[in-house]
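The values are calculated or read from the model by the stated rules, or taken from the named source; none is laboratory data. The model shown is predicted, which means the values in this text are computed figures rather than measured ones. Quick reminder, even Gly has a Cβ in these numbers, built from the backbone with ideal geometry, and neighbours come from all protein chains shown. Heads up: the accessible areas ignore ligands, DNA and RNA and are worked out on the full protein's heavy atoms, side chains in. Shrake-Rupley method; radii C 1.70, N 1.55, O 1.52, S 1.80 Å.
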Amino acid sequence: MCKYYTQASPQGQKGQEIISSSVLSEYFQNAFQAFRDHNNGALPDHIVIYRDGVGDSMRAQVIQHELEQLNRIVGQEYTLGTGSPENKEAPQLPKTTLIIVNKRVRQRFFQV
């Protein structure tokens, strides 16, 4: 059995593909809190992000910007539970899967 957490954000204006850092930070922090609430304080070992509406020309920028934000939040969330500074054991960071759906997909499928 599994449970999914989702958040959606409309584009602020037509053609805007990159989500602002403050919105991303808030979304990621909310997602981690929801996971902790549902799993007795535990954090996920795998994060899947489904990103829709990214054009070919912006894909690299979106990946860099959004993964940078995710990595920053993961660093904060996963070091909070390590305890005192004397604890030298590095936290086990989660795996990340980013799924991007392109805009204006030109492929068409037909049944023969």
Query raised in the report: Right, Leu24: within 21 Å of Asn102 (Cβ to Cβ) and either at pLDDT 75 or above or assigned to a helix (DSSP H, G or I) (or both) or not?
Result: yes
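Taking the range 22-72 as the region of interest, how many residues are among the basic types (Lys, Arg) and open to solvent by 90 Å² or more (accessible area, probe 1.4 Å)? Please lay out each step first, then the result.
Step one: filter the range 22-72 for residues among the basic types (Lys, Arg), giving 36, 51, 59, 72.
When the remaining residues are screened for being open to solvent by 90 Å² or more (accessible area, probe 1.4 Å), the result is 72.
Result for the range 22-72: 1.
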Query raised in the report: In the range 64-78, how many residues are modelled with pLDDT under 85 and β-branched (Val, Ile, Thr)?
Result: 0
Requested in this report: Please state which of the following conditions Pro44 fails to meet, knowing it meets all the rest: (1) touching a Phe, Trp or Tyr at 6+ places or on another chain (Cβ under 8 Å); (2) in a helix (DSSP H, G or I).
Outcome: (2)
